[in-house]
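J.: What follows is a structure written as structure tokens; I'll ask about it next.
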Amino acid sequence: ENGHLEEVRGPGVVGEKPDLAPGSSYQYTSGCPLTTPSGIMTGHYTMREEGGRLFDVEIPAFSLDMPGTRPLAN
């Protein structure tokens, strides 16, 4: 692999910590700097239940592509 890996950790997503009721959803838009025309992002969110128990929600891999380029994966 000749790519660059960067790990991001921190509380919240795009500066928010939404409360989600069962069956509800949350949408957001964000971006990141790329040193190449395309990249791939994957990972997980750590969620907290009302009672305090923590659990992870996996984020399936998806492509990050510079506008005007052909996407590599989705």
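Bear in mind these aren't lab numbers, they're just calculated from the coordinates by the rules spelled out. What you see is a predicted model, and the numbers here were worked out from it, not measured in a lab. Glycine gets a Cβ as well: all are built from the backbone with ideal geometry, and neighbour counts include every protein chain shown.
J.: Return the loop-located GluC sites (Glu not before Pro) in the chain (DSSP other than H, G, I, E, B) with at most 13 other Cβ atoms within 10 Å of their own Cβ; answer none if there are none.
T.: Loop-located and lightly packed - E1, E6, E7, E49, E50.
J.: Further question on the same structure: Going out from 0 in 10 Å bins, what whole percent of all Cα-Cα distances in the chain drops into each bin?
T.: Distribution as computed: 14, 45, 28, 12, 1 percent.
J.: Tell me the chymotrypsin sites (Phe, Trp or Tyr not before Pro) within the chain that lie in a loop according to DSSP and have at most 13 other beta-carbon atoms within 10 Å.
T.: Those that pass, being in a loop and sparsely packed, are Y26, Y28.
J.: Under a crude label model (7 Å from the Cα following the beta-carbon direction), how far is S38 from L5 in nanometres?
T.: Placing both labels 7 Å along Cα→Cβ, they lie 2.1 nm apart.
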